[in-house]
Amino acid sequence: MLKRITQYVTYNEAQQIILTNPHAVYLLRGAMGTGKTSLVKAIAKAVNKPLCLMQGAQTDVGDLKMPIMKDGAFVFGPNESWGLHTGKPVVFFCDEFSKMYPAAQNAVHEVLEPDGAFCGIPLHPDSIRIIAGNLDEEGLGDRIRDHTHDRVIELVIKGANQEEMLKYAIESRWHETVIAFMHEFPECLLTILDGEAWTKSRFNSVTRRGLEGVSDIMHSSYGKLNSELLATAIAGRVGSPFAKDFQAYVDYKDQLPNHDEIMKDPIKAKLPATQGAACVFIFGSLTRIDKTTIGQYMKYISRFEPEWDMMFSLGLAKGKQSVAFSSPDFRDKLLGMTNSGLLG
């Protein structure tokens with residue numbers, strides 16, 4: 001294995017590097033569930049190119065190309081589903097490349113060469129090429145050979161930090177209980193790269209992908225399953241230690257007023273009884289608020305403790321600017337916070 005000096009990058013830093021130098025070939029490595037696929041999807045969206053997603057661990061040579069007869073000789077024809085034969089620019093992403101059979105890695109290698117091609121068909125020069133795998137420390141059987149390493153820029157992703165994850169989760173409309181839990185317990189975002197802190201964490205069976213799975217469970221099952229069955233499903237996704245602590249946030253959700261109560265009378269609607277319930281409400285409001293409801297929500301949240309009111313305002317300013325600045329009341333509040341020095 002070629003020896004390299006490893007420097008870790010965040011989700012946003014990796015995206016910046018790739019978009020600045022899109023003609024290189026990239027190897028993304030990171031712990032399970034740190035958002036490698038989400039990163040590549042964001043890059044494809046940013047450059048407005050179709051994503052060619054290849055699941056490497058599930059792909060063999062026969063899935064990639066097949067011999068066909070042409071002019072009395074055999075040539076290889078590409079699998080149509082990858083879209084590598086169209087001549088159009090794509091974002092090519094071979095996930096779990098380092099878990100592919102050696103023969104399948106060899107078949108993909110043509111794409112990674114300086115003048116990328118597949119089955120002899122040149123890739124569009126504006127295509128972006130990325131392969132990915134897990135960390136050696138995880139012991140998942142990943143293997144990158146030296147001649148591959150020598151063709152790529154390796155980026156070891158330590159995952160999105162807490163601020164990035166909260167922003168992503170709010171924009172992606174994760175369930176408010178999960179967002180609030182991440183805010184209060186950032187240790188659930190640790191990975192194996194965090195060393196002893198991760199090893200000793202009671203949440204070391206949790207990944208960012210797992211947290212998204214918990215959000216999906218909450219969206220689909222909250223109010224439909226009793227608390228015991230809901231906890232069982234969540235424990236099955238990310239482990240019992242997380243499920244037991246997370247149950248408190250499910251209980252907080254039960255304490256909150258519903259949307260209709262706030263719309264009807266934000267001054268009289270019941271307030272959260274605990275700090276945890278206030279946290280769940282704030283993040284829930286950031287996922288669902290729009291230009292038609294911001295006024296009522298601002299009236300209601302103005303009754304909270306100042307730190308929660310400020311968290312709501314800052315979160316709205318960062319995550320939903322068009323909604324936030326559509327409200328004269330919000331603009332006045334932000335100006336007041338600035339003049340008082342609360343925003344530096």
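The values are calculated or read from the model by the stated rules, or taken from the named source; none is laboratory data. Remember, predicted model here, so these are calculated numbers, not experimental data. Glycine gets a Cβ as well: all are built from the backbone with ideal geometry, and neighbour counts include every protein chain shown. The area values use the complete protein model at the heavy-atom level, side chains included, leaving out ligands, DNA and RNA. Shrake-Rupley method; radii C 1.70, N 1.55, O 1.52, S 1.80 Å.
In the stretch 151-191, the C-alpha radius of gyration followed by the widest Cα-Cα span (Dmax) gives 12.7, 43 angstrom.
State, as an integer percentage, the relative contact order of the chain based on alpha-carbon contacts under 8 Å between residues 6 or more apart. Each step should come with its number before you reach the end.
Numbers: 494 pairs, mean separation 55.2, N = 344.
Here the relative contact order equals 16 percent.
The apolar share of the surface of the chain, taken as the fraction of accessible area on carbon and sulfur atoms (1.4 Å probe, ligands and nucleic acids excluded), comes to 53 percent. Here the dipole of the stretch 74-186 is about 300 debye; that uses its Cα centre as origin and unit charges on the Cβ of Lys and Arg (positive) and Asp and Glu (negative). Centre-to-centre, using Cα atoms only, the stretch 128-202 and the stretch 4-54 are separated by 12 Å. Once you divide the Cα radius of gyration of the stretch 188-239 by 2.2 N^0.38 Å, the number left is 1.28.
Using only side-chain charges placed at the Cβ, +1 for Lys and Arg and -1 for Asp and Glu, the dipole size of the chain relative to its Cα centre rounds to 540 debye. When the alpha carbon coordinates of the stretch 30-88 are projected onto the principal axes, the ranges are 48, 26, 13 Å, largest first. Once the C-beta distance of A46 and T232 is scaled by a Förster radius of 56 Å, the resulting FRET efficiency is 0.90 to the nearest 0.05. Our summary gives the stretch 33-177 a relative contact order of 24 percent, counting only alpha carbon pairs under 8 angstrom and 6 or more residues apart.
Spin-label pair S302-T199: with each label point 7 Å from Cα along the Cα-Cβ axis, the two points sit 5.3 nm from one another. The alpha-carbon atoms of the stretch 75-190, seen along their principal axes, cover 57, 32, 21 angstrom, with the largest extent given first.
Once the Cβ-Cβ distance of T292 and I17 is raised to the sixth power relative to R0 = 51 Å, the FRET efficiency obtained is 0.80.
Within a Cβ distance under 15 Å of A197, other residues only, what is the Lys/Arg minus Asp/Glu net charge? Spelling it out: positives minus negatives among the neighbours equals -1.
Across the stretch 192-344, counting alpha-carbon atoms alone, Rg and Dmax equal 17.9, 50 Å.
For the chain, report the accessible area per residue in Å² (1.4 Å probe, heavy atoms, rounded to an integer).
Numbers: 17130 Å² over 344 residues.
Here the per-residue accessible area is 50 Å².
Computed over every Cα-Cα pair of the stretch 58-102 and binned at 10 Å starting from 0, the pair-distance distribution P(r) comes out as 24, 44, 28, 4 percent.
Read through the labelled values (i) 157; (ii) 176; (iii) 130 and report the label of the one computed as volume of the Cα convex hull per residue in Å³ from the structure. Given (i) 157; (ii) 176; (iii) 130, the calculated one carries the label (ii). Looking at L84, M100, P22, which one has the Cα that reaches farthest to the positive end of the dipole of the stretch 1-119 (charges on Cβ: Lys, Arg +1; Asp, Glu -1)? Value computed over the given set: P22. Along its first, second and third principal axes, ordered by size, the stretch 1-157 spans 52, 33, 24 Å in Cα coordinates. Over the stretch 42-134, the pair-distance histogram of Cα-Cα distances with 10 Å bins from zero comes to 17, 50, 28, 5, 0 percent, rounded to whole numbers.
One Cα centroid belongs to the stretch 81-113, the other to the stretch 290-308; the line between them spans 49 Å.
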